[in-house]
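Novice: Here it is, the structure, as structure tokens.
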Amino acid sequence: MQSEPKVVIVMPTFNEKDSIGRMIDELCSRVFPRVKNHKMILLVVDDKSPDGTGKIVKEKMKRCKDLYLLEGEKAGLGAAYTRGFRYAIDKLKADAIMEMDADFQHNPGDVPRFVAEFDKGYDYIIGSRYVSGGSIPEAWGLDRKFFSVAGNLIYRVSLLMFDIHDFTTGFRLARVKGYLDTINFGKVFSNSFSYKERLLYEMKKRGAKIKEIPIKFDLRISGDSKMTTNTVTEQLKIIGVIWADRLGITK
């Protein structure tokens, strides 16, 4: 008898004590039971948060059997995802991996929608703020709204990926076999947000069947932002890296 597909949510955290307990309860107690015929797992990747986030997760692990904690030194969001993805593939034997924030900017209730598209045969499901039905917070300032919208437009045009609308979303699900398990995470993941565009490119390069589904992106309720001061520079650099790979001039 074939085992149930295993879906691992990799959730990086740093100083998320005010939200991580609620998020774990929501996923383990309410969301995971709604996803039938799948083994749902939450892997929290904590960068040794000084506020005690890890301790909260350890307490929750006593009651949630599908919860795991992976701790390490703080080295940026990309490094955290590298650790998490490798652990999910090598140790947890994931069939699919989801990226998701712990601060409720991503609605945990949307998780079953991603899994449903995976079951339909899609290899990379992107939670998009910029397709019909998706949205960004009205409370965002005009500058942030502009940079978010303009940034994604620049990626669409400069990378000639006109079928994708949201390059920078952090709410995604990717198939492991034939896709994530063939990617060198050491090359793809940076220390900040620019890994998102490179990972999308690598999945597309491998012929992944991609689906964007609308999400409503909410304001974070607490915790430290993972945005870094060199994010814009890194994202401009990644455009050059992708084009270098396309032209076959990468090292």
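No value in this document is a laboratory result; all are computed from the given coordinates. Note that the structure is predicted; figures quoted are calculated from it, not measured. Every residue, glycine among them, receives a Cβ derived from its backbone with ideal geometry; neighbour counts consider all protein chains shown.
Novice: If Lys and Arg each add +1 and Asp and Glu each add -1, what is the summed charge of the other residues whose beta carbon sits under 10 Å from the beta carbon of Lys211?
Specialist: Taking every other residue near Lys211 into account, the sum is -1.
Novice: Find how many whole Å separate the alpha carbon centroid of region 150-169 from the alpha carbon centroid of region 77-113.
Specialist: Centre-to-centre (Cα) distance: 23 Å.
Novice: Net charge around Gly127, counting only other residues with Cβ within less than 14 Å of its Cβ (Lys, Arg = +1; Asp, Glu = -1)?
Specialist: Taking every Cβ under 14 Å from that of Gly127, the sum is -1.
Novice: Straight distance only, please: which aspartates and glutamates reach the Cα of Lys209 with their own Cα at less than 14 Å, same-chain residues fewer than 8 apart left out?
Specialist: Answer for Lys209, where 14 Å is the Cα cut-off: Glu117, Asp119, Asp123, Asp163, listed by chain and number.
Novice: Another question, then. Ranked by Cβ crowding within 10 angstrom, fewest neighbours first, how are Cys28, Cys64 ordered?
Specialist: In increasing order of surrounding Cβ atoms, one gets Cys64, Cys28.
Novice: Checking the a/c ratio against 1.5 first, then a/b against b/c, what shape does the Cα gyration tensor give for region 6-246?
Specialist: The shape class here is rounded.
Novice: Taking Lys48 as the anchor, which lysines have their alpha carbon closer than 18 Å to its alpha carbon, excluding any fewer than eight residues away along the same chain?
Specialist: The reachable lysines, counting only those whose Cα sits under 18 Å from Lys48, are Lys17, Lys58, Lys60, Lys74, Lys226.
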